[in-house]
Amino acid sequence: MHARQGRDVTGKRRITRSAAVRRGALPGELRRPRNSAEATEQILLDAARRVFADKGYIRATVQDIIELTGLSRGTFYLYFRSTDDIFVRTVTKVVDDIVASSRVRSGNTLRQRVYENNLRYFEIFGANRGLLRAFFEASYVDPEIGRKRAEMRSAYIIRVRDHLERQRQLCRCLPIDPDAAALSLAMMAEGTAQSFAILKMEPFERPLELKRLCTEVTEIWCRAVYTDPDRLLTLEAAKLPAVATGSKRKGWRHDG
């Protein structure tokens with residue numbers, strides 16, 4: 001912790017905390033064990049998340065981050081090389097959550113499962129609005145972050161493509177090109193999430209509600225690719241055990 005040691009009038013050693021600590025910056029985090037390197041790193045990550053969400057990628061500085069923590073600049077550089085370094089670490093968890101949202105398997109029909117996937121996807125965007133705004137901003141000016149955004153997008157598209165390919169093999173899809181369909185559907189979901197949750201683009205008389213929006217996106221998705229999105233998957237799987245369990249392929253197992 002950023003603290004200075006001195007002595008009081010009795011000669012006893014005392015600890016003088018930095019001004020940021022006295023102001024109460026991140027009090028819950030600063031009460032973590034002082035000898036824990038992992039806790040100190042998390043304090044910096046939590047502060048960075050707040051700074052990037054509030055100020056964006058370009059205007060955020062190391063000074064902004066350490067002022068929230070009470071830690072010294074030297075302590076910051078023990079854990080991170082730069083604002084770029086801590087930014088990548090900060091957004092990695094959110095990016096992983098976005099990709100993982102395509103693995104949701106609740107629901108007994110394709111429509112239910114697509115809806116739950118889309119809802120989770122939109123909710124992640126909404127819960128991380130400021131940080132994702134900074135992430136998209138950074139992707140246009142920083143090559144490393146641009147690559148990370150491209151990797152996130154590619155991973156999501158591939159999971160959708162693998163899902164569509166599996167449904168096509170099970171005769172659950174209309175005649176589609178899985179690659180082209182996956183790109184179209186994934187970009188529809190990403191564009192909708194970004195416009196609604198981050199840009200707050202609602203040029204309508206009646207405000208859009210998240211679940212209503214998710215229902216419409218799911219309807220477009222289902223009509224575009226599935227023969228019968230409301231067919232019970234559990235009953236169909238019972239009739240086709242060899243097909244349902246025969247694939248060793250890794251990827252998005254939407255139907256179990």
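General remarks:
- Test: Gly70 is buried (at least 20 other Cβ atoms within 10 Å of the Cβ) and on the phi > 0 side of the Ramachandran plot: yes
- Taken residue by residue, segment 207-227 has at least one member that is modelled with pLDDT of 95 or more, in a loop (DSSP other than H, G, I, E, B) and either more than 22 Å from the chain's Cα centre (by Cα) or surrounded by 12 or more Cβ atoms within 10 Å (Cβ to Cβ) (or both).
- Of everything in segment 16-39 that is within 23 Å of the chain's Cα centre (by Cα) and at pLDDT 85 or above, the residue that is surrounded by the fewest Cβ atoms within 10 Å (Cβ to Cβ) is Glu38.
Yes/no matrix, rows are residues, columns are (1) touching a residue at least 24 places away in the same chain (Cβ under 8 Å); (2) within 22 Å of the chain's Cα centre (by Cα); (3) over 18 Å from Ile145 (Cβ atoms):
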site: Val51; (1), (2), (3): no, yes, no
site: Thr61; (1), (2), (3): no, no, no
site: Ile65; (1), (2), (3): no, yes, no
site: Thr90; (1), (2), (3): yes, yes, no
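- Matching residues, segment 93-117, being exposed (fewer than 15 other Cβ atoms within 10 Å of the Cβ), farther than 19 Å from Ala186 by Cβ and in contact (Cβ under 8 Å) with a residue 24 or more places away in the chain: Asn108
- Hits in segment 99-132 - residues which are touching a Ser or Thr at 6+ places or on another chain (Cβ under 8 Å), in a helix (DSSP H, G or I), over 18 Å from Ile198 (Cα atoms) and not hydrophobic (A, V, I, L, M, F, W, C): Arg111, Gln112, Arg113, Tyr115, Glu116, Asn117
- When every residue of segment 155-167 is checked against the conditions, at least one turns out to be at pLDDT below 95 and under 27 Å from Asp46 (Cβ atoms).
- The single condition from (1) touching an Asp or Glu at 6+ places or on another chain (Cβ under 6 Å); (2) of a type in the set (D, E, K, R); (3) modelled with pLDDT of 95 or more that Lys55 fails is (1).
- Ile198 vs. criteria under 19 Å from Leu119 (Cβ atoms) and out of contact with any His (no Cβ under 7 Å at 6 or more places or on another chain): yes
The values are calculated or read from the model by the stated rules, or taken from the named source; none is laboratory data. Here the structure is a predicted model, which means the values were calculated and not measured. A quick note on method: Cβ atoms are made from the backbone with ideal geometry, for glycine too, and the neighbour counts reach across all protein chains shown.
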